[in-house]
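Shown next, in structure tokens, is the structure this report addresses.
The values are calculated or read from the model by the stated rules, or taken from the named source; none is laboratory data. Fair warning: this is a prediction, and the values are worked out from it, not measured in the lab. Using ideal geometry, Cβ is built from the backbone for each residue, glycine included, and neighbour counts are taken over all protein chains shown.
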Amino acid sequence: MIPKRRLQEEAFFSRQASKKRKAIIKEGIDYVRTTGVSVREAWRVLDNPMQLPSQRPCLYLSFEEFSGAVQAALNAQKSIGGRIRELRLRAGLTIEELATKTRISERSVSAHEAGQKIPRASSLGEYQSVFEKELGIKLNQNLESSS
């Protein structure tokens with residue numbers, strides 16, 4: 001039988017490792033977005049052998065896990081941006097008009113469309129209400145037709 005204290009310690013370290021994995025993935029996403037390098041290059045930069053061993057990502061997740069998570073985040077970001085652009089054009093709105101109607105800055109609307117920024121849930125709600133009103137269709141939270 002495993003002592004209760006040891007189980008608590010294992011649970012603690014498991015939570016810490018999970019937080020570290022999330023932080024590494026977020027750092028990878030930010031690095032790929034800002035520099036435009038490949039996911040493999042981002043991994044090489046983050047997994048620098050000159051770092052302290054405890055700071056190296058390879059201790060917390062494999063390259064495959066890292067690559068899959070970063071690619072999924074980048075693809076989701078691009079697809080929602082494309083959807084915003086598609087709906088804006090269907091509604092016959094300019095970026096400026098959409099920004100005014102949603103009360104989101106033109107810069108943010110443009111960044112959302114280009115896939116440079118992921119819209120917050122509140123911004124998605126604003127987009128959803130404007131597009132539903134303009135196009136007369138029902139949309140879900142991902143700006144896809146829900147009918």
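Listing for the model above:
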{"quantity": "Q116 being surrounded by 13 or more Cβ atoms within 10 Å (Cβ to Cβ), at pLDDT below 95 and not acidic (D, E)", "calculated": "yes"}
{"quantity": "Evaluation of F131 against (1) surrounded by 19 or more Cβ atoms within 10 Å (Cβ to Cβ); (2) in contact with a Gly (Cβ under 8 Å, 6 or more places away or on another chain) (one fails), failing number", "calculated": "(2)"}
{"quantity": "Residue match in segment 133-142 (condition: at pLDDT 90 or above, polar (S, T, N, Q) and on the phi < 0 side of the Ramachandran plot)", "calculated": "no"}
{"quantity": "Residue match in segment 92-106 (condition: in a helix (DSSP H, G or I), polar (S, T, N, Q) and closer than 24 Å to G36 by Cβ)", "calculated": "no"}
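Residues checked against (1) under 30 Å from A17 (Cβ atoms); (2) in contact (Cβ under 8 Å) with a residue 24 or more places away in the chain; (3) surrounded by 12 or more Cβ atoms within 10 Å (Cβ to Cβ); (4) small (G, A, S):
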{"position": "G36", "(1), (2), (3), (4)": "yes, no, no, yes"}
{"position": "L61", "(1), (2), (3), (4)": "yes, yes, yes, no"}
{"position": "E65", "(1), (2), (3), (4)": "yes, yes, yes, no"}
{"position": "A72", "(1), (2), (3), (4)": "yes, no, yes, yes"}
{"position": "G81", "(1), (2), (3), (4)": "no, yes, yes, yes"}
{"position": "L98", "(1), (2), (3), (4)": "no, yes, yes, no"}
